[in-house]
Amino acid sequence: MEVYLENSKSKSGKHAIRTLIFVVDNNNIYEYKPTKVRKVNGIYKVGEAGIIDLPNDKTFVYIYLIKNLQNKVKGKVIVYSGGEPKLIMNYRKLKLKLIKGDKNYSEIVKKIFDKLNIPVKKINLKEVK
């Protein structure tokens, strides 16, 4: 399973993109360090971007965050298990909102956001119709 990994910002520094990948083993959560990265052009000039291949045997949490001109952060959180997305959530206005998937994985996402000191006021676990 291929995943896009980027850490870049604009020349002015007003826009930025950051992606993170975490591995969940039993109750241990740690950041995934890829061995092979296929380099690609990033969205912004300053920084780096690449495509990595994730193994299918573990549970991964993929976090994609964008900072805009008003310093507001929004993004997407996807939990992969067995090579398939099990949970998709949006992060906007300091809130996590369930888009689709299994609600049980939301505790893992909450632990990761606490570990990264990313503020979360509310978690909405109602299914979107």
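No value in this document is a laboratory result; all are computed from the given coordinates. Nothing here was measured: the structure is a model prediction, and the numbers come from that model. As a convention, Cβ positions derive from the backbone with ideal geometry for all residues, glycine included, and neighbour counts pool all protein chains shown.
Could you list, in sequence order, all residues of segment 11-26 that are assigned to a loop (DSSP other than H, G, I, E, B) and either in contact (Cβ under 8 Å) with a residue 12 or more places away in the chain or within 23 Å of Asn117 (Cβ to Cβ) (or both)?
Correct list: Lys11, Gly13, Lys14, His15.
Being surrounded by 12 or more Cβ atoms within 10 Å (Cβ to Cβ), touching a residue at least 60 places away in the same chain (Cβ under 8 Å), of a type outside the set (Gly, Ala, Ser) and assigned to a helix (DSSP H, G or I) narrows it down to one residue among Ile29, Ile112; which is it?
Matching residue, one of Ile29, Ile112: Ile112.
Can you find, within segment 34-72, the residue that is surrounded by the most Cβ atoms within 10 Å (Cβ to Cβ) among those that are within 23 Å of Asp114 (Cα to Cα) and free of Cβ contacts under 8 Å to residues at least 24 places away in the same chain?
Lys72
Yes or no: Leu125 touching a Pro at 6+ places or on another chain (Cβ under 8 Å) and among the aliphatic types (A, V, I, L, M)?
no
Give the residue that is nearest to Met1 (Cα to Cα), with candidates limited to residues of segment 32-69 that are assigned to a strand (DSSP E or B) and of a type in the set (Asp, Glu).
Of everything passing the filter in segment 32-69, Asp53 is nearest to Met1 (Cα to Cα).
When the residues of segment 75-95 are filtered to those that are charged (D, E, K, R) and out of contact with any helix residue (DSSP H, G or I) (no Cβ under 9 Å at 6 or more places or on another chain), which remaining residue is surrounded by the most Cβ atoms within 10 Å (Cβ to Cβ)?
Looking at the filtered set, the residue picked out is Lys76.
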